[in-house]
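The values are calculated or read from the model by the stated rules, or taken from the named source; none is laboratory data. As the structure is a prediction and not an experimental result, all values here were calculated from the model. No Cβ is skipped: glycine too gets one built from the backbone with ideal geometry, and neighbour counts run over all protein chains shown. In case anyone asks, the SASA skips ligands and DNA or RNA and just uses the protein heavy atoms, side chains included. Shrake-Rupley method; radii C 1.70, N 1.55, O 1.52, S 1.80 Å.
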Amino acid sequence: QTGPVIDMPVPASFNDITQDPSLENYIGWVWYEKEVLLPLRWLQDGHTRVVLRFGSAHYYSIVWVNGVQVVEHEGGHLPFEADISSIVQSSPGIPCRITVALNNTLTPHTLPPGSIQYMSDKTRYPKNYFIQNIRFDFFNYAGIHRPVVLYTTPSVYIDDITVTTTSSESVALVQYQVSVVGSTFYSLSLSLCDQEGKVVATGDGPAGELKVLNPNLWWPYLMHESPGYRYSLEVKMQAQVDGALLEDVYLLPVGIRTVHVTSTQFLINGRPFYFHGVNKHEDADIRGKGLDWALIAKDFNLLRWLGANSFRTSHYPYAEEIMDLCDAYGIVVIDESPAVGIKMPESFGNKSLQHHLVVMEELIRRDKNRPSVVMWSVANEPASELPPAAFYFKTVIAHTKALDPSRPVTFVTDVNYALDRGAPYVDVICVNSYFSWYHDPGHLEVIPLQLTAQFENWYKTYQKPIIQSEYGADSVPGLHSDPPQMFSEEYQKAMLREYHSVFDKKRKDYVIGELIWNFADFMTSQGTTRVLGNKKGIFTRQRQPKAAAFLLRERYWRIANESSCLPPVITSHALFL
């Protein structure tokens with residue numbers, strides 16, 4: 001009745017699933033529908049709450065259950081859910097029909113922003129022809145990208161838990177707040193267990209503090225022989241409702257660690273931490289941005305092979321499954337919002353600002369308890385030289401700090417140090433630069449002077465630690481040139497060496513990190529400077545190493561061995577289920 005219908009896997013982007021070029025570049029509404037049979041016990045117990053949850057969907061979603069609208073959500077990359085109990089419990093035994101309308105159109109007020117441009121010249125374009133303009137350099141994949149699940153809780157349930165930690169050498173304090181919805185009459189008990197299952201602290205009530213003696217701290221990968229140590233916090237809620245005892249239990253992994261920023265250092269558990277890592281993308285053949293467990297496992301093995309201790313979630317929040325593994329393996333994360341490509345003046349207005357604040361609330365609610373997340377990034381490469389950027393970023397950063405006072409906040413800039421109106425409000429300066437690539441292309445000899453001046457100017461102006469949050473060069477696998485020419489593997493290596501020589505001088509002072517752009521090649525929109533995507537990866541899109549991967553691996557392991565109290569490590573192996 002609605003037009004062509006095809007089978008579509010979930011999770012996956014819809015763009016690359018078929019041979020239809022109109023679907024690959026489609027902008028507008030698409031519809032998903034699925035029928036499921038729910039267990040009768042979910043439907044017959046009046047004290048059971050049935051919830052429909054989406055890990056993410058790009059970008060604007062409207063969801064119906066059995067023809068009844070249950071939720072609307074604006075923005076991709078973050079979860080949303082709806083209580084559908086009253087709808088499904090009123091008709092037990094009947095299949096539950098879930099319908100989703102999804103629109104991937106980007107406007108000046110969405111995150112990321114974009115604009116629709118109608119081509120009115122009828123001599124050159126068909127009637128009603130339009131294009132989606134974007135100001136970011138990755139493919140605008142769309143679809144239901146993360147798992148969709150149905151789950152249940154009692155009608156009185158644990159809605160939220162917030163945990164923060166402090167520690168000294170011999171004792172740690174785990175502060176907690178628990179929110180319960182559905183009744184004001186309930187009891188809460190908490191127990192904190194170590195990895196051997198031993199209870200190390202207990203508590204009760206909706207807020208309090210757990211004391212842990214001789215704690216095992218959460219350490220980053222390569223800073224400790226047991227990185228990523230996590231305790232398990234069991235929160236148990238009990239409530240009497242109409243003579244029935246309801247119980248809701250939630251297990252929350254807890255990593256005990258502290259983060260502190262000085263004018264020259266980034267400290268984790270009081271020790272200087274140097275970010276030697278990568279920028280990534282959720283991007284792969286066929287499934288686009290769809291969750292892929294095999295690819296996730298491969299990427300984490302490559303990160304550890306590389307000796308990378310960190311990454312930035314460029315340029316949007318990554319799947320919760322990825323973040324879980326960062327917590328478990330000790331991979332440090334700069335957690336970035338989807339505010340990439342804020343270039344138009346109208347994208348700094350109040351409508352955009354209010355949406356940005358909501359997005360930060362959703363992101364922090366999702367990731368606030370993760371020990372791997374050490375800093376929030378509120379945006380990437382905005383036009384922060386524009387006059388309205390000052391109030392805009394002052395407001396977003398203040399709101400982020402109010403929501404989570406325990407972490408530093410940054411945004412990533414490519415604006416000149418003397419013009420940036422948002423930089424006064426960040427805790428760490430994150431700078432992207434591509435000397436001898438986008439600037440002075442082919443001239444490697446300018447890197448030492450320009451990169452040194454970049455660091456010195458930023459530090460002299462703000463007296464804040466600096467991360468080189470992006471640098472790199474495209475290389476086509478198998479393309480060789482000596483002397484190095486742009487797009488050859490040799491040029492990519494040569495550029496990295498020039499950057500590294502400056503990093504090694506400045507990391508003795510106030511440079512606290514380097515994140516290569518990019519971990520792997522990724523798809524972009526078509527254009528005259530892109531041949532099947534961006535080729536700045538040190539791995540191909542299929543995760544095969546280029547020459548630069550071996551150069552970076554040698555460097556990262558050397559840095560790790562220099563700064564670690566552990567015995568020198570040559571390589572690492574991992575096997576996990």
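How long, wide and thick is the chain, going by the Cα atoms along their three principal axes, in whole angstroms, largest first?
79, 75, 47
Name the residue farthest towards the positive end of the dipole of the chain from the options S232, H47, S314, assuming +1 on Cβ of Lys and Arg, -1 on Cβ of Asp and Glu, about the Cα centre.
Final value for the positive-end residue is S314.
Ignoring ligands, DNA and RNA, what percent of the accessible area of the stretch 21-152 is carbon or sulfur (1.4 Å)?
Numbers: 3360 of 6410 Å².
C and S fraction of accessible area: 52 percent.
At 37 °C and a viscosity of 0.692 mPa s, what translational diffusion coefficient does Stokes-Einstein give for the stretch 21-152, taking Rh as the Kirkwood radius over Cα pairs? Give it in µm²/s as a whole number.
D, rounded to a whole number, is 196 µm²/s.
I'd like to check one number: the per residue accessible area of the chain, probe 1.4 Å, reported in Å² as a whole number.
Value for the chain: 43 Å² per residue.
If one computes the Cα centroid of the stretch 405-472 and of the stretch 119-185, what distance in Å separates the two points?
For the stretch 405-472 versus the stretch 119-185, the Cα centre distance is 29 Å.
So what's the back-of-envelope 222 nm ellipticity for the chain, counting only DSSP H runs of four-plus at -39500 (n - 2.57) apiece and dividing by all residues, rounded to 500?
That comes out to -6500 deg cm²/dmol.
Need one number: nm distance between label points at S170 and Q1, each 7 Å from Cα along Cα→Cβ, rounded to one decimal.
That separation, rounded to one decimal, is 7.3 nm.
Which of the residue pairs K211/K236; K280/K464; K289/K535; K464/K536 have a Cα-Cα distance greater than 22 Å in the structure shown? Can you show the working numbers first?
On the way: K211/K236 19 Å; K280/K464 25 Å; K289/K535 18 Å; K464/K536 28 Å.
Pairs exceeding the cut-off: K280/K464; K464/K536.
With Rg and the Kirkwood Rh both taken from Cα atoms, where does Rg over Rh land for the stretch 444-513?
1.06
For the stretch 334-384, would you read off the P(r) tail past 11 Å as a percentage of all alpha carbon pairs?
So the portion of pairs separated by more than 11 Å is 70 percent.
May I ask you to list the trypsin sites (Lys or Arg not before Pro) in the stretch 481-540 that are in a DSSP loop and have at most 13 other Cβ atoms within 10 Å of their Cβ?
K508
Tell me the trypsin sites (Lys or Arg not before Pro) within the stretch 165-269 that lie in a loop according to DSSP and have at most 15 other beta-carbon atoms within 10 Å.
Values: sites: K198, K211, R230, K236, R257; in loops: K198, R230, R257.
For trypsin sites (Lys or Arg not before Pro) across the stretch 165-269 that sit outside H, G, I, E and B with at most 15 neighbouring Cβ atoms in 10 Å, the list reads K198.
T202: accessible area at probe 1.4 Å, nearest 10 Å²?
100 Å²
At 1.4 Å probe size, put Y459, Y438 in order of accessible surface, largest to smallest.
Y438, Y459
Which ³J(HN,Hα) values in Hz, rounded to whole numbers, follow from the phi angles of the stretch 198-215 under the Karplus curve 6.51 cos²θ - 1.76 cosθ + 1.60, where θ = phi - 60° and Gly and Pro get x?
Each residue's phi maps through the Karplus curve to give 7, 6, 10, 6, 9, x, 8, x, x, 8, x, 9, 10, 9, 10, 7, 6, x Hz.
Percent antiparallel among DSSP beta bridges with both residues in the chain, to the nearest 5?
Looking only at bridges with both residues in the chain, the antiparallel portion is about 75 percent.
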